[in-house]
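Novice: The structure is given below, and queries will be raised subsequently.
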Amino acid sequence: MNGGRTETAEDFFSEGLFSASERLLIRSAGRKLVENHITISCCESCTGGLFAAALTGVPGISGVFDRGLVTYTERAKMEELGVRKETLATHTVYSAEVAREMAEGLYRKTGSDICVSVTGIAGPDGALPGKPVGTVYIGCCHCGKVQVEMLQTGSCSRSRNRRDAVIAMFRLVVNTLKEE
């Protein structure tokens, strides 16, 4: 309970999910998006909407944040983002190829300047040969150009893997903004 006062972004972040430096990264990314009028959308799988939740904690973000989709199942990825069944069958849902197709599909759907995607193995189950728990792929489509990064957290903690994936998504957004 917050004693009847209005909840702020700081209240959301103060729950211990993100460290002080991580909160600064999130706020910095959000401010750069807002100040430069750069639109953003996201599609999340293993993070289940945490990136969108963190982003919406930034004051003024409503002017540039178009939408956040949680496309948790293969079906959702295919129907909402146009991920090809062949890609899923060949590379698995936990792959750079799927992260790329997610980001590209979101870009086609929204036209946002930046479209960020994430797919991975949050754990504690789900490891595949060569892809341990904590393997995450992040896609970023900026004005039609896509880059994909892989993150291996080395952790079996579901909450840590999800948090680390969100922070990596924000780092990728900041790096993309620096290139602009």
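Novice: Determine, from the Cβ-Cβ distance of HIS91 and ARG160 and an R0 of 35 Å, the FRET efficiency 1/(1 + (r/R0)^6), rounded to the nearest 0.05.
Specialist: Values: r = 25 Å, r/R0 = 0.72.
Efficiency computed from Cβ-Cβ geometry: 0.90.
Novice: If you don't mind, there's one more thing I want to ask. Looking only at Cβ-Cβ distances, which cysteines of the chain have no other cysteine closer than 4.7 Å?
Specialist: CYS42, CYS43, CYS46, CYS140, CYS143, CYS156
Novice: Total Lys pairs in the chain closer than 19 Å by alpha-carbon, pairs eight or more apart in sequence or interchain only?
Specialist: Values: LYS32/LYS178; LYS77/LYS85; LYS77/LYS109; LYS85/LYS109; LYS109/LYS145; LYS145/LYS178.
Lysine pairs meeting the criterion: 6.
Novice: Provide the percentage of antiparallel DSSP beta bridges, counting only those with both residues in the chain; round to the nearest 5. Write down the numbers at each step before the final one.
Specialist: On the way: 16 of 26 bridges.
DSSP beta bridges in the chain are roughly 60 percent antiparallel.
Novice: Okay, moving on. Let's see if you can work this out: charge +1 on each Lys and Arg Cβ, -1 on each Asp and Glu Cβ, no other charges. What is the dipole magnitude of the chain about its Cα centre, in debye to the nearest 20?
Specialist: Taking the Cα centre of the chain as origin, the dipole is about 120 debye.
Novice: Could you give each residue of region 152-162 its phi-based ³J(HN,Hα) in whole Hz, using Karplus coefficients 6.51, -1.76, 1.60 with θ = phi - 60°, and x for Gly or Pro?
Specialist: In residue order, the calculated couplings are 10, 6, x, 10, 9, 7, 4, 5, 5, 4, 5 Hz.
Novice: What percentages make up the Cα-Cα pair-distance distribution of region 17-179 when the bins are 5 Å wide from 0?
Specialist: That works out to 1, 10, 20, 24, 21, 14, 7, 2, 0, in percent per bin.
Novice: When a/c is below 1.5 the answer is rounded, else prolate if a/b is larger than b/c, else oblate, so apply that to region 110-162 with a ≥ b ≥ c taken from the square roots of the Cα gyration tensor eigenvalues.
Specialist: Details: a/c = 3.29, a/b = 2.44, b/c = 1.35.
Note, shape of region 110-162 comes out prolate.
Novice: Hey, got the Cα dimensions of region 17-97 along the principal axes, in Å, largest first?
Specialist: 40, 26, 16
Novice: With the dipole of region 17-179 worked out from charges on the C-beta (+1 for Lys and Arg, -1 for Asp and Glu) around the Cα centre, which of ALA165, TYR94, ALA76 lies farthest toward the positive end?
Specialist: Of ALA165, TYR94, ALA76, it is ALA165.
Novice: Collect residues whose amide H, placed 1.01 Å from N in the peptide plane, falls under 5 Å from the amide H of LEU69; neighbours closer than 5 in sequence don't count.
Specialist: For LEU69, whose amide H was placed from the backbone, the distant partners under 5 Å are CYS42, CYS43, GLU44.
Only the coordinates and a few stated rules stand behind these numbers; no lab work does. Since this is a predicted model, take the numbers as computed values, not measurements. A quick note on method: Cβ atoms are made from the backbone with ideal geometry, for glycine too, and the neighbour counts reach across all protein chains shown.
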